[in-house]
1. Within the stretch 27-47, take every residue that is under 19 Å from the mean Cα position of the chain (by Cα) and either part of a loop (DSSP other than H, G, I, E, B) or not assigned by TED's automatic domain parsing to the domain that holds Leu60 (or both) and give me the one that is nearest to Ser68 (Cα to Cα).
2. Please report, ordered by residue number, the strands (runs of 3 or more DSSP E) entirely within the stretch 56-163 with at least 2 residues that are closer than 30 Å to Leu27 by Cβ.
3. Condition (residue is more than 30 Å from Glu18 (Cβ to Cβ), modelled with pLDDT under 85 and loosely packed, with under 14 Cβ neighbours inside 10 Å) applied to the stretch 84-93: is it met by at least one residue?
4. Report yes if Arg58 is exposed (fewer than 14 other Cβ atoms within 10 Å of the Cβ), free of Cβ contacts under 8 Å to residues at least 60 places away in the same chain and not assigned by TED's automatic domain parsing to the domain that holds Leu134, otherwise no.
5. Looking only at the stretch 136-150, which residues are under 13 Å from Leu104 (Cα atoms) and either exposed (fewer than 15 other Cβ atoms within 10 Å of the Cβ) or touching an Asp or Glu at 6+ places or on another chain (Cβ under 6 Å) (or both)?
Amino acid sequence: MDKKESFEIDVNGQHRFEVLQADAENLDLISEQDGRFHILHNGRSWHAELEHADFETRQLVFRINGNSYAIHIADQYEQLVRQLGLSIGGHQKQNTVKAPMPGLVLNILVEPGQMVQKGDALLILEAMKMENVLKAAGEGQVKAVKVQKGMAVDKGQLLLEME
């Protein structure tokens, strides 16, 4: 991945700023436990707690010093789509489930041939010492499971095929 790639961070729909990938990788952030983090920046220290995460839409909610912050992270592709005046999403059926981040497959909760409904848990992916439950984006049938329990995966790697 290009170290010059930037992410656009929107906080509470009021503040928007850009972060380079290299800066994000060098962030002094320590994962403490159960979605709690310690952050050092410009000589100041904060404790943050992840209250909600929707990795598919890149929406996160953190509580920092008693205040709640809704954060949206737009990668280069989402920024380009917005610049072109298009929208992300639509009503296309999702036929694949890919890893939203690098991690370790802790558990696979479905098997080929199984019917799932929107919101059903598909598998559990551990990333940054946090367990992330990947859920079905819509109803369908699991066609194939492309990973195994205990397998390390990269961002964007195919996990499941749906039909």
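1. For the stretch 27-47, the residue satisfying everything is Gly35.
2. Working: elements: 59-64, 67-74, 96-98, 103-108, 121-127, 130-135, 140-145, 158-162.
Qualifying strands (runs of 3 or more DSSP E): 59-64, 67-74, 96-98, 103-108, 121-127, 130-135, 158-162.
3. In the first step, residues of the stretch 84-93 are kept if they are more than 30 Å from Glu18 (Cβ to Cβ); the result is 91, 93.
Then drop every residue that is not modelled with pLDDT under 85, which leaves 91, 93.
From the residues that got through so far, the ones that are loosely packed, with under 14 Cβ neighbours inside 10 Å too are 91, 93.
Scanning the stretch 84-93, I find at least one residue that is more than 30 Å from Glu18 (Cβ to Cβ), modelled with pLDDT under 85 and loosely packed, with under 14 Cβ neighbours inside 10 Å, so the answer is yes.
4. When the stated conditions are applied, Arg58 does not pass them.
5. Of all residues in the stretch 136-150, those under 13 Å from Leu104 (Cα atoms) come to 147-150.
Scanning the stretch 136-150 gives Gln148, Lys149, Gly150.
The values are calculated or read from the model by the stated rules, or taken from the named source; none is laboratory data. Every value quoted in this text rests on a predicted model; they were computed, and no experiment measured them. Methodologically, a virtual Cβ is constructed for each residue, glycine included, from the backbone with ideal geometry; neighbour enumeration extends over all protein chains shown.
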